[in-house]
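Asks: Please see the structure below; I have some questions.
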Amino acid sequence: MAITTYSELQTAVGNWLNRTDLSSRIPEFIALAESRLNRRLRLRVMEDDETLTGVVGSRTIAVPSGYVAPISFFIVRTTGREPLTFVRSRMETYTAQSEPRYWTIDNTNIAFERPCDSAYSFLFKMYLGFALTNSVTTNWLLTNHPDAYLYASVAEGFKYLRNDNATSDFEALTDRAIKEIQDKENQSRDSALRTDVPRQFRTFNVISGY
């Protein structure tokens, strides 16, 4: 059967598990599978730009819905946008309100080193996760790589059923599908970069004749 929608995926997972009594659990298997896929995949189709506004007196902004990983963060000015510096380790903080210069991810918040003294405009580039629901019935990953969704979901089902051998088999299939998808993405990015390299024109020396 074709696997193009959330409903069809649920049916397929039940078929591959060979169980008819797990209909209430299968959405959980799919959600767990999406968590793994979202942690591993970094695709251009997942990239998203979100416009955010700072809150005066606060040094945090809640991450947007669907966020799975950061890319970059900018303060937006009338003359253009300027990147803020990302801090990976513990960030030193200040109580005096001012324009922020540094940012990090603190649990479910974007955090600055100091509270904003104005309602600054920001642009947050991030990766959005794949998340099927009864109202969001399909997405790019399911359309283009239904095997990744299926294998990952069935693996979670066999974990639930405590079938270690089947779990191992479908974990391996999931890992292979993820690698193939990411490899294809990386090759596409490399090709785009090569295409962007300016053409080198041959020079001619009128004295030497070469």
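Asks: Tally the residues that are hydroxyl-bearing (Ser, Thr, Tyr), assigned to a loop (DSSP other than H, G, I, E, B) and under 28 Å from Arg39 (Cα atoms), restricting the search to the stretch 53-91.
Replies: Applying the first criterion (hydroxyl-bearing (Ser, Thr, Tyr)) to the stretch 53-91 yields 53, 58, 60, 65, 67, 72, 78-79, 85, 89.
Checking the rest, the ones that are also assigned to a loop (DSSP other than H, G, I, E, B) come to 58, 65, 78-79, 89.
Those still in the list that are under 28 Å from Arg39 (Cα atoms) too: 65, 89.
Matching residues across the stretch 53-91 total 2.
Asks: Also: Would you mention how many residues in the stretch 146-169 are hydrophobic (A, V, I, L, M, F, W, C), under 28 Å from Glu47 (Cα atoms) and open to solvent by 30 Å² or more (accessible area, probe 1.4 Å)? Can you show your working first?
Replies: We begin by selecting, within the stretch 146-169, every residue hydrophobic (A, V, I, L, M, F, W, C); these are 148, 150, 152, 154-155, 158, 161, 166.
If we keep only those that are under 28 Å from Glu47 (Cα atoms) as well, we get 148, 150, 152, 154-155.
Next cut, open to solvent by 30 Å² or more (accessible area, probe 1.4 Å) only: none.
Within the stretch 146-169, residues that are hydrophobic (A, V, I, L, M, F, W, C), under 28 Å from Glu47 (Cα atoms) and open to solvent by 30 Å² or more (accessible area, probe 1.4 Å) number 0.
Asks: Among the listed residues Thr78, Thr60, identify the single one that is of a type outside the set (D, E, K, R) and surrounded by fewer than 14 Cβ atoms within 10 Å (Cβ to Cβ). Outline the logic, then answer.
Replies: Working: Thr60 fails: surrounded by fewer than 14 Cβ atoms within 10 Å (Cβ to Cβ).
Criteria check complete, one pass: Thr78.
Asks: For the stretch 11-59, which positions are closer than 30 Å to Ala96 by Cα and among the basic types (Lys, Arg)? Give the derivation first.
Replies: Looking only at the stretch 11-59, we keep the residues that are closer than 30 Å to Ala96 by Cα, and these are 49-59.
Passing the criteria: only Arg59.
Asks: Within the stretch 1-51, work out how many residues are surrounded by 14 or more Cβ atoms within 10 Å (Cβ to Cβ), part of a helix (DSSP H, G or I) and of a type in the set (D, E, K, R).
Replies: 5
Asks: Also, quick follow-up: If Asp106 satisfies all but one of (1) out of contact with any helix residue (DSSP H, G or I) (no Cβ under 6 Å at 6 or more places or on another chain); (2) modelled with pLDDT of 95 or more, what's the number of the condition it fails?
Replies: (2)
Asks: Can you pull out the residues in the stretch 92-103 that are open to solvent by less than 30 Å² (accessible area, probe 1.4 Å) and either part of a loop (DSSP other than H, G, I, E, B) or farther than 17 Å from Val55 by Cβ (or both)? Break it down into steps so the answer makes sense when it comes.
Replies: Looking only at the stretch 92-103, we keep the residues that are open to solvent by less than 30 Å² (accessible area, probe 1.4 Å), and these are 100, 103.
Pro100 - this is the single residue of the stretch 92-103 that is open to solvent by less than 30 Å² (accessible area, probe 1.4 Å) and either part of a loop (DSSP other than H, G, I, E, B) or farther than 17 Å from Val55 by Cβ (or both).
Asks: Ok, one more. Pairs under 6 Å by beta carbon, first residue closer than 13 Å to Ala131 by Cβ in the stretch 32-43, partner of a type in the set (Ser, Thr, Tyr) and modelled with pLDDT of 95 or more, six or more apart or different chains?
Replies: Ala33/Ser153
Asks: When residues of the stretch 129-159 are filtered for being in contact (Cβ under 8 Å) with a residue 24 or more places away in the chain and in a loop (DSSP other than H, G, I, E, B), how many remain? Walk me through it before giving the result.
Replies: In the first step, residues of the stretch 129-159 are kept if they are in contact (Cβ under 8 Å) with a residue 24 or more places away in the chain; the result is 129-134, 136-138, 140-143, 145-158.
Those left that are additionally in a loop (DSSP other than H, G, I, E, B): 129-134, 136-138, 145.
The qualifying residues number 10.
Asks: While we're on this one: Please verify whether Thr53 is at pLDDT 95 or above and not charged (D, E, K, R), treating the condition exactly as stated. If you could, list the steps in order and put the result at the bottom.
Replies: Details: at pLDDT 95 or above: yes; not charged (D, E, K, R): yes.
Judged against the criteria, Thr53 is a match.
Asks: Looking at the stretch 63-75 only, could you name the residues that are under 16 Å from Leu132 (Cα atoms) and surrounded by 17 or more Cβ atoms within 10 Å (Cβ to Cβ)?
Replies: Tyr67, Val68
Asks: Another question about this same structure. Within the stretch 121-138, which residues are buried (at least 18 other Cβ atoms within 10 Å of the Cβ) and more than 14 Å from Ala69 (Cα to Cα)?
Replies: Phe122, Leu132
The values are calculated or read from the model by the stated rules, or taken from the named source; none is laboratory data. These figures come from a predicted structure and were not determined experimentally. FYI the Cβ positions are ideal-geometry reconstructions off the backbone, even for glycines, and counts take in every protein chain you see. Heads up: the accessible areas ignore ligands, DNA and RNA and are worked out on the full protein's heavy atoms, side chains in. Shrake-Rupley method; radii C 1.70, N 1.55, O 1.52, S 1.80 Å.
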